[in-house]
Structure formats: structure tokens, C-alpha cells
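Below is one structure; the comments refer to it alone.
The values are calculated or read from the model by the stated rules, or taken from the named source; none is laboratory data. These numbers were taken from a predicted model, which means no experiment stands behind them. A quick note on method: Cβ atoms are made from the backbone with ideal geometry, for glycine too, and the neighbour counts reach across all protein chains shown. In case anyone asks, the SASA skips ligands and DNA or RNA and just uses the protein heavy atoms, side chains included. Shrake-Rupley method; radii C 1.70, N 1.55, O 1.52, S 1.80 Å.
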Amino acid sequence: MDRSRRVTRDLPASAPARVLAVLEHVAGGGSTANLSELARTTGLNRITLMRLLADLTEEGVLERTGAGHRVGQRLLLLSAAALSGQELTSLGQRTLDGLSAALGVSAYLVVAEDDRITYLLRAIPDTPLVSQVTVGTVVPIDATTGGRAVLAARAGDRAPVFWSRSGYEPGIDSVAAAVVRPDGAPVAAVSLAAPSGRLDHSPARRAEVEDALITAVADLGALLGAARG
């Protein structure tokens, strides 16, 4: 009795949850060839799985590959359509909001054109930051960490994170990294700013900031590449 209750509680409760359990398994590289193993992985019974696999295959969401399945063309097209409807502004703002909330600093997205950059988006936490940089500010490309990150990416260096202490604005430190699509094209940069000493007041804090920034620009670059198709 106890075992039955435990198994029932762990089962996906709704039809969408059952579908997602199967799709997440397949999208993650899992096999559908062994229904018993698939049942243990997803928490669904064999009969439900057979029906789901058949229905999803018929609709083109999954495709058969020998004894198993893979993500189908219809699901890939739906994913691409969802991404293509979100341009740099919406994807970039989501990235900035996440960084600002996680690190407690101001986050900016800058775009470059020739020898200048424009501040396109920003996310500002509740903590005060005295800065003259607002959305629409245009500065020489080599004047800020964001611009220098783009210049480095143009030269083929996709790795560096650029730090500056009171460089462009007195009393404000910044760090930036370029946003690079999978094809190698730099499309923007994300920069973080905070009053002096708050970005890297310790080695652990510096590592936290760099790791978060590098992950964010890599994810944004991949999403923009997918949206571009």
C-alpha cells in the first residue's frame, strides 16, 4: 500500500506533464527502445508510453530512428519559430535582468557600429549607482569595457573578460564580455557596473561575477544564433 501511494505521487499528474516527461527524455539523448527502462525513467507505465510515442510520432513531434525516437522536425520548427520571434532586445533584456538580480549590480547591453557603441538596454537593481550612462548613450568603442570586448571579439579572441576600475566614470567599476554568435560574429557586449569595490571585493566575488557573465553571454549568443536560423 505504501509503495503504491509513493509511485502514484511521483507520476506526472497531467497529460502535458506526461508529454513533457517523454520529450525531455528524448531531447536529452535518452533512448525509447526499451519501454521498461523508459517507464522507470519517466514514471509512466508501458501502455501510456506506447500511446504517447505513437501519437507524438504521428504528429511529427518525434521521429522514429530504428528501434527508438528522436526529436521531430515539427518540434524543431516550433522551437525555431519561438526563438525567431524574439530579437536581441527581448532576449538581451532577459539576460540583463537575470544578471542584475543575481549579482546585485547594474547590467547593460551595448551594440557596436564601426568605431562607437550604443547602450541599448539596461537593468538596474535597488542599490544606488551614480552613473551618467543611460539607454541611448553613445561613446567611442574603446572608451568602455563593453567596446573593448567587442573589439577583441572582432579580432577573433572570444575568451576575454575586460575589467576597469573607475575607467570611464570615476567611482564606478565595470566588467564586460562580448556576445558572439556560433558563427563567430560579435553582435553585442554585456557589461556590469557597480560602485568601486563592489564587483570584485574578493577573489571569490570576482570569480562569481566572471562566471555569471561568461555563462550569460555564451547563452545569449547561442540563442541569437538559433533565432537567426
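So the values come out like this:
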quantity: With every protein chain in place, the stretch 78-224: carbon and sulfur % of accessible area (1.4 Å); calculated: 54
quantity: Charge dipole (the chain, unit charges on Cβ, about Cα centre) - positive-most of THR118, LEU23, LEU49; calculated: LEU49
quantity: Magnitude of the charge dipole, the chain, Cβ model with Lys/Arg +1 and Asp/Glu -1, debye to 20; calculated: 840
quantity: Most positive-pole-ward Cα, LEU88, PRO203, GLY68, against dipole of the chain from beta carbon charges; calculated: GLY68
quantity: For the stretch 194-210, Karplus couplings with θ = phi - 60° (6.51, -1.76, 1.60), whole Hz, Gly/Pro x; calculated: 7, x, 3, x, 8, 7, 9, 6, 8, x, 5, 5, 4, 5, 4, 5, 5
quantity: Summed residue charge, Cβ within 15 Å of ALA33's Cβ, Lys/Arg positive, Asp/Glu negative; calculated: +2
quantity: On Cα atoms only, tilt of 15-27 relative to the major axis of the chain in degrees; calculated: 70
quantity: Part-to-part distance (alpha-carbon centres) for the stretch 88-127 and the stretch 142-189, which is given in Å; calculated: 13
quantity: Label assignment, volume of the Cα convex hull per residue in Å³ derived from the structure, set [x] 115; [y] 144; [z] 173; calculated: [z]
quantity: Theoretical ellipticity at 222 nm over the chain - DSSP helices of four or more residues, -39500 (n - 2.57) apiece, nearest 500; calculated: -15000 deg cm²/dmol
quantity: By average C-beta atoms within 10 angstrom, highest first, the peptides 26-37, 213-224, 99-110; calculated: 99-110, 213-224, 26-37
quantity: Surface accessible to a 1.4 Å probe, per residue, for the residues of the chain, Å²; calculated: 54
quantity: Degrees separating the helix 46-58 axis from the principal Cα axis of the chain, which is the longest one; calculated: 60
quantity: Neighbourhood charge, 13 Å Cβ-Cβ cut-off, centred on LEU56 and excluding it, Lys, Arg +1 and Asp, Glu -1; calculated: 0
quantity: Net +/- balance of residues flanking LEU109 in space, Cβ distance below 13 Å, scoring K and R +1, D and E -1; calculated: 0
quantity: Under the Karplus curve 6.51 cos²θ - 1.76 cosθ + 1.60, θ = phi - 60°, whole-Hz ³J(HN,Hα) for the stretch 150-158, x wherever Gly or Pro sits; calculated: 5, 4, 5, 5, 4, 7, x, 9, 8
